[in-house]
Amino acid sequence: MIPVYLDYNATTPVDPEVVEAMLPYITTSFGNPSSNYSIGRENREAVSRAKQQVAALINAQPEEICFNSGGTESNNHAILGTAFAARGRGKHIITSAVEHPAVTNVCRYLATQGWDITWLPVTRYGEVNPEDVENAVRPDTVLITIMHANNEIGTIQPVPEIAAIAARHHVMFHTDAAQSTGKLDVDVKAMGVDLLSIAGHKLYAPKGIGALFIKQGTEIDNLMHGAGQEKGLRPGTENVIQIVALGKACEIANSNLAENQRKMYVMRERLLQGLSSSLKHMTVHTDPDNSLPNTLSIAFPRMNAYTLTEVIASDVLISTGSACHSGITEISPVLKAMKVDQLAAEGTVRISTGKYTTGEEVDHAVQIISQTVLKLAAGSY
Ligand SMILES: Cc1ncc(COP(=O)(O)O)c(C=O)c1O
C-alpha cells in the first residue's frame with residue numbers, strides 16, 4: 001500500500017489537469033516566446049495567459065506578475081530588490097521571528113552588509129502583534145516583511161493591519177504567501193501589499209516555478225541582469241512549461257477555493273478529533289481559530305518526533321517540527337519564538353492535509369499515529 005501523504009505543506013502532487021496543460025509545451029510547441037513566428041507567438045501567448053490566471057487568483061493586474069523559480073527566489077527578489085533600491089533612504093527592515101528561512105536568511109545576509117533588522121516577537125500561537133510593528137517603524141525603515149501564513153503551525157498573520165501601518169509610514173510591505181496562495185482568499189488589494197510571494201509546488205504545480213506580485217510603481221532592483229524578459233525584471237528565457245503549469249494551477253485553485261478549503265478543514269478536524277480521543281496528553285500548537293485550514297502542529301509528550309516519523313513512514317508521511325543534525329535535535333526557530341519548551345518541541349510533528357486527502361486516509365493515519373505514539377511513550381520501540 002502507498003503511504004498516506006499528509007505533508008501538503010512540504011509540497012503537493014501535480015494536478016493531472018496541470019500536467020495536461022503542460023504537455024503541448026514539452027512536445028510540439030517548443031518555441032522561444034521572444035521569436036516572431038507561430039510557435040514563438042504561441043509561447044508568448046501562453047505566458048501572457050498564465051499571467052492572467054495568476055493575477056486573477058490574487059486580484060492583481062497581469063503586468064504585476066513576475067515569474068521566477070519559486071518561493072525562495074520571490075522572497076529574495078522582494079527583500080534584496082527593495083533594500084537595494086531604497087539604500088539611499090535607509091537601511092532598516094522589520095520582520096518576524098517566525099518567517100521561513102527564505103526570508104530570515106535573506107535578512108541575515110543583509111545584516112552582514114550594513115542593514116539593521118528588527119525581529120518581532122510572536123504570541124504563543126505565533127502571531128505578530130501589529131502594535132509591535134507600529135512601534136518598530138523608524139525614519140530609516142524601508143521594508144516590512146511578514147509572512148501571510150506560517151508553514152509549520154499554520155498561523156495567519158494580520159497582514160491587512162500590518163500593511164496599513166506600512167502604508168501610513170510610506171514603507172514597502174512584502175508578504176510571503178507561499179503557503180496561503182490556493183488555501184486562503186489571497187487578494188493583494190484587500191490585503192494592501194506591495195509585494196507578495198507565490199510558490200507553485202504548494203498549489204499543485206511542479207517544483208521550481210513561482211511568481212512575485214510587484215504592485216505597479218514599486219521601486220525594486222533586479223537580482224539578475226540580462227535580456228528584457230519579464231519587463232527586464234527577471235531576465236532569462238521564460239520557463240514556459242512551468243509557467244503554463246502555474247497558470248493552470250492558479251486557475252484551478254480559483255475555481256474551487258471554497259470547496260477545497262472546506263475539504264482540507266474537514267479532514268484536519270477529523271484528524272484532530274481522532275488523535276485527541278486516543279491521545280489525551282498531546283498539545284496542539286496550531287491556533288484553532290486563526291490558521292490555514294489544512295495545518296496541524298502537535299506535540300506528543302515523551303517522544304522524539306523524528307523517531308515517530310521514521311517508524312510510521314511506510315504507512316503515513318508527516319514531518320517534524322525540529323531538525324536532527326548528527327544526532328542533535330535542533331528545535332525549530334518558530335517553536336522557539338512561540339516559547340515551546342525543548343521537550344515539547346522535540347515531540348512536535350506537522351500534519352497537513354490537501355485537496356486529495358480522503359476520510360479513509362485520515363482514519364488510517366489516526367490509527368497508525370496513535371498506536372505508535374502510545375508504544376513510543378511506553379518505551380516499547
Ligand atoms: C512559507 C514559505 N516560504 C517560502 C518557501 C520556499 O519556497 P520554494 O520551495 O518554492 O523555494 C516555502 C517552502 O517551503 C514556504 O513554506
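The values are calculated or read from the model by the stated rules, or taken from the named source; none is laboratory data. All figures in this text were calculated on a predicted structure; none of them were measured in a lab. Backbone-built Cβ (ideal geometry, glycine too); neighbour counts: all protein chains shown.
Please go through region 192-217 and pick out each residue that is under 29 Å from residue 167 (Cα atoms), buried (at least 24 other Cβ atoms within 10 Å of the Cβ) and more than 10 Å from the ligand (Cβ to nearest atom).
Listed by number, the residues that qualify are 193, 194, 195, 196, 211, 212, 213, 214.
Anything in region 101-149 that is within 12 Å of the ligand (Cβ to nearest atom) and either over 18 Å from residue 78 (Cα atoms) or in a strand (DSSP E or B) (or both)? List them, or say none.
The answer is 145, 149.
Inspect region 65-72 for any residue being assigned to a loop (DSSP other than H, G, I, E, B), under 17 Å from residue 246 (Cβ atoms) and not assigned by TED's automatic domain parsing to the domain that holds residue 309 and give the result as yes or no.
Scanning region 65-72, I find at least one residue that is assigned to a loop (DSSP other than H, G, I, E, B), under 17 Å from residue 246 (Cβ atoms) and not assigned by TED's automatic domain parsing to the domain that holds residue 309, so the answer is yes.
Step by step: first the residues of region 231-246, then only those that are away from the ligand (no atom under 16 Å from the Cβ) and surrounded by 22 or more Cβ atoms within 10 Å (Cβ to Cβ), then the one that is farthest from residue 192 (Cα to Cα). Which residue is that?
Filtering region 231-246 for residues that are away from the ligand (no atom under 16 Å from the Cβ) and surrounded by 22 or more Cβ atoms within 10 Å (Cβ to Cβ), the one farthest from residue 192 (Cα to Cα) comes out as 240.
Working carefully through the options 277, 291, 255, find the one that is surrounded by 15 or more Cβ atoms within 10 Å (Cβ to Cβ) and either away from the ligand (no atom under 16 Å from the Cβ) or of a type outside the set (Val, Ile, Thr) (or both). Walk me through how you get there before you give the answer.
Values: 277 fails: surrounded by 15 or more Cβ atoms within 10 Å (Cβ to Cβ); 255 fails: surrounded by 15 or more Cβ atoms within 10 Å (Cβ to Cβ).
On inspection, the qualifying residue turns out to be 291.
Could you check how many residues of region 150-161 are under 20 Å from residue 100 (Cα atoms) and more than 16 Å from the ligand (Cβ to nearest atom)?
2
Closer than 25 Å to residue 181 by Cβ, within 16 Å of the ligand (Cβ to nearest atom) and at pLDDT 95 or above, is that true of residue 68?
Yes; evaluated as a whole, the condition is true for this residue.
Collect the residues in region 167-191 that are touching a residue at least 40 places away in the same chain (Cβ under 8 Å), surrounded by fewer than 21 Cβ atoms within 10 Å (Cβ to Cβ) and away from the ligand (no atom under 16 Å from the Cβ), keeping them in residue-number order.
Hits for region 167-191 are 185, 187, 189, 190.
Of the conditions (1) modelled with pLDDT of 95 or more; (2) away from the ligand (no atom under 16 Å from the Cβ); (3) surrounded by fewer than 22 Cβ atoms within 10 Å (Cβ to Cβ), residue 51 satisfies every one except a single condition; which number is it?
Unmet for residue 51, out of (1) modelled with pLDDT of 95 or more; (2) away from the ligand (no atom under 16 Å from the Cβ); (3) surrounded by fewer than 22 Cβ atoms within 10 Å (Cβ to Cβ): (3).
Within region 181-238, how many residues turn out to be touching a His at 6+ places or on another chain (Cβ under 6 Å) and either among the aromatic types (Phe, Trp, Tyr) or more than 20 Å from residue 53 (Cβ to Cβ) (or both)? Before you say what the answer is, go through the steps one by one.
First, the residues of region 181-238 that are touching a His at 6+ places or on another chain (Cβ under 6 Å): 195, 207, 212, 223.
Applying the additional criterion that residues be either among the aromatic types (Phe, Trp, Tyr) or more than 20 Å from residue 53 (Cβ to Cβ) (or both) yields 223.
Total meeting the criteria: 1.
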